[in-house]
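The values are calculated or read from the model by the stated rules, or taken from the named source; none is laboratory data. Everything numeric in this text was worked out from a predicted model, so none of it was measured. Note: ideal-geometry Cβ built from the backbone for every residue, glycine included; neighbour counts use all protein chains shown. For accessibility, only protein heavy atoms count, side chains too; no ligands or nucleic acids. Shrake-Rupley method; radii C 1.70, N 1.55, O 1.52, S 1.80 Å.
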Amino acid sequence: MAVTGKDINKARQLLEAGQLVAIPTETVYGLAGNALNSAAVAAIFKTKNRPAFDPLIVHVPSLDAAKSFVADIPAQAAALAEAFWPGPLTLLLEKRPIVPDLVTAGLPSVGIRCPNHPLTRELLSTLEFPLAAPSANPFGYISPTAPEHVEAQLGDRIPYILDGGPCAIGIESTIVSFRNGQGIVLRTGGLAIEDIERIVGKVTMQTHSSSNPQSPGQLESHYAPRKKLLVGDLGDLIAQHGEAGTAVMSFRTDHRHPNQIILSPDGDLDEAARNFFSSLRQLDNTPAELILAEFVPDTGLGRAINDRLRRAMADR
Ligand code: TXA
Ligand code: MG
C-alpha cells in the first residue's frame, strides 16, 4: 500500500531521491518522476508496464520554465501556452539535449505541459527539475481521476500518492504539435478544439489510430475496461442484451436500468468528462459482464469523451 497524503515536502524528498510519486492534476493523476534522471524515468515505464516506444509528457511550473527544455517555441505555441497554461494543453516542441531520450522515446520533440492543480503547482515550483508523468494507471487501462484509483492499481508499487482530491476536468490534456506554423491536434482532450482555434485559427486533426502511432494515445486500444464495452443506441443495446449481466453508462437519459450511471442529467459535456473515467471504472467493478454506453455530442469536451469511448471499445 502507498501512503496517501497532502505532504508536499514528503513528495519533494521522494522525487529528489529518484523515487516515484503519484501527483494530482486537473486532468488525471500522473505517475511522476524526475524527468532529467534516466533511472527515475525508466522506473516510470517499468511501474506502468508501459512500452518504451511511448513517450512521456514533461510537467513544468510555467512557460518560462519550459524554455529550458525546448529549443524553440513557435509563436503559435507561445500564444496557446499564454492563453491556456496552467491547463489541459500539452505542446509538442523540439527538445533540448538535456531531456533524456528515454523520456521522448528517441523522438526529437518533447511533450510539455504546465498542469493546473494547486498542490502540484506548488510541488513543481519547489523542485529543481521538471516531472515526467504519464497517467498513473497500468498501460492501456482506465485513467485515474482520484487518489483511490491510483491506490487500487499502483498502490503496491509506489511509496506516495499526493492527494489532491478528484480531478476537476477528468480527461487527459489535448496534445498539439506544429508544422510550418500550422497547429496539429494529436490527441483530443480537456481543452476543447473550439478554444484552441479561437487563438490560432483552424487546426488539423491527426488523432487517427494506427499500429505505428505518432502519439500512442492514438493506439487503437487504450483507456479500456476489463469488461467488454459496446457503444451505440442505448435503448437498442438494452433491448438486445437485457438488464441481467449488463451495466449502462448513459450521457443524460435515464434508462431505468438497475445498474446505470448517468454522466450528466443536464447534458453538460464538462460534467460528463469529469465523471467519465470514474464511471467506467465503477461499472467495470460491478458483476456485470457487459458495459453498454453511447456516444455524446461531438463538440467541446464531447470529442475527447467519444475518442476515449472508441478506444475503450476496440478489441485488444
Ligand atoms: O493530462 C495529461 O496529459 C496527463 C497528466 C498526468 O498530465 N498525462 C498523460 O500522459 O495523459 P500519458 O503518458 O498517459 O499520455 C501521453 C501521450 C501519449 O499518448 C504519448 O504518446 C504522447 O502523449 N506523447 C508524449 N510525448 C510525445 C512526443 N514527444 N511525441 C508524440 N507524442 C507524445
Ligand atoms: Mg495514459
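Could you tell me which of the residues THR25, THR90 is under 25 Å from PHE277 (Cα atoms), touching a His at 6+ places or on another chain (Cβ under 6 Å) and open to solvent by less than 20 Å² (accessible area, probe 1.4 Å)?
Values: THR90 fails: touching a His at 6+ places or on another chain (Cβ under 6 Å).
Exactly one of THR25, THR90 is under 25 Å from PHE277 (Cα atoms), touching a His at 6+ places or on another chain (Cβ under 6 Å) and open to solvent by less than 20 Å² (accessible area, probe 1.4 Å), namely THR25.
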Point to revise | Enumeration of residues in segment 18-38 that are away from ligand 1 (no atom under 12 Å from the Cβ) and either without any contact (Cβ under 8 Å) to a residue 40 or more places away in the chain or in a loop (DSSP other than H, G, I, E, B) (or both) | key: GLY18, GLN19, LEU20, LEU36, ASN37
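Here is a yes/no grid of residues against (1) under 18 Å from GLU26 (Cβ atoms); (2) among the hydrophobic types (A, V, I, L, M, F, W, C); (3) more than 13 Å from ligand 1 (Cβ to nearest atom):
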site: GLU128; (1), (2), (3): no, no, yes
site: ALA133; (1), (2), (3): yes, yes, no
site: THR145; (1), (2), (3): yes, no, no
site: HIS149; (1), (2), (3): yes, no, no
site: GLN153; (1), (2), (3): no, no, yes
site: CYS167; (1), (2), (3): yes, yes, no
site: SER177; (1), (2), (3): no, no, no
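Please determine whether any residue of segment 181-193 is charged (D, E, K, R), farther than 17 Å from ILE23 by Cβ, within 9 Å of ligand 1 (Cβ to nearest atom) and at pLDDT 95 or above. If you could, list the steps in order and put the result at the bottom.
Restricting attention to segment 181-193, the residues satisfying the condition of being charged (D, E, K, R) are 187.
Checking the rest, the ones that are also farther than 17 Å from ILE23 by Cβ come to 187.
Right, trim to within 9 Å of ligand 1 (Cβ to nearest atom) and you get 187.
Subsequent filtering for residues that are at pLDDT 95 or above retains 187.
Yes, the conditions are met somewhere in segment 181-193.
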Review point. Among the numbered criteria (1) closer than 17 Å to LEU56 by Cβ; (2) among the polar types (S, T, N, Q); (3) not in a loop (DSSP other than H, G, I, E, B), which single criterion is violated by SER125?
Key: (1)
Point to revise | Odd one out for PHE84, checked against (1) surrounded by 19 or more Cβ atoms within 10 Å (Cβ to Cβ); (2) more than 18 Å from TYR160 (Cβ to Cβ); (3) within 12 Å of ligand 1 (Cβ to nearest atom) | key: (3)
Practice item. Please work out if ILE112 is over 19 Å from LYS6 (Cβ atoms), buried (at least 24 other Cβ atoms within 10 Å of the Cβ) and touching an Asp or Glu at 6+ places or on another chain (Cβ under 8 Å). Key: no
Practice item. Determine whether segment 280-287 contains at least one residue that is crowded, with 19+ Cβ neighbours inside 10 Å, touching a helix residue (DSSP H, G or I) at 6+ places or on another chain (Cβ under 7 Å) and assigned to a loop (DSSP other than H, G, I, E, B). Key: no
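Residues are listed down the side, and each one gets a yes or a no for (1) under 18 Å from ALA81 (Cα atoms); (2) open to solvent by 50 Å² or more (accessible area, probe 1.4 Å); (3) within 13 Å of ligand 2 (Cβ to nearest atom); (4) over 17 Å from the mean Cα position of the chain (by Cα):
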position: GLU128; (1), (2), (3), (4): no, yes, no, yes
position: ALA133; (1), (2), (3), (4): no, no, yes, no
position: ASN137; (1), (2), (3), (4): no, no, yes, no
position: PRO159; (1), (2), (3), (4): no, no, no, yes
position: VAL176; (1), (2), (3), (4): yes, no, no, no
position: THR188; (1), (2), (3), (4): yes, no, no, no
position: VAL200; (1), (2), (3), (4): yes, no, no, yes
position: GLN206; (1), (2), (3), (4): no, no, no, yes
Check your understanding: Do we have ASN37 as open to solvent by 40 Å² or more (accessible area, probe 1.4 Å) and within 23 Å of THR145 (Cβ to Cβ) here?
Key -> no
Review point. Based on what the data block shows, is ARG274 within 16 Å of ligand 2 (Cβ to nearest atom) and closer than 20 Å to HIS149 by Cα?
Key: no
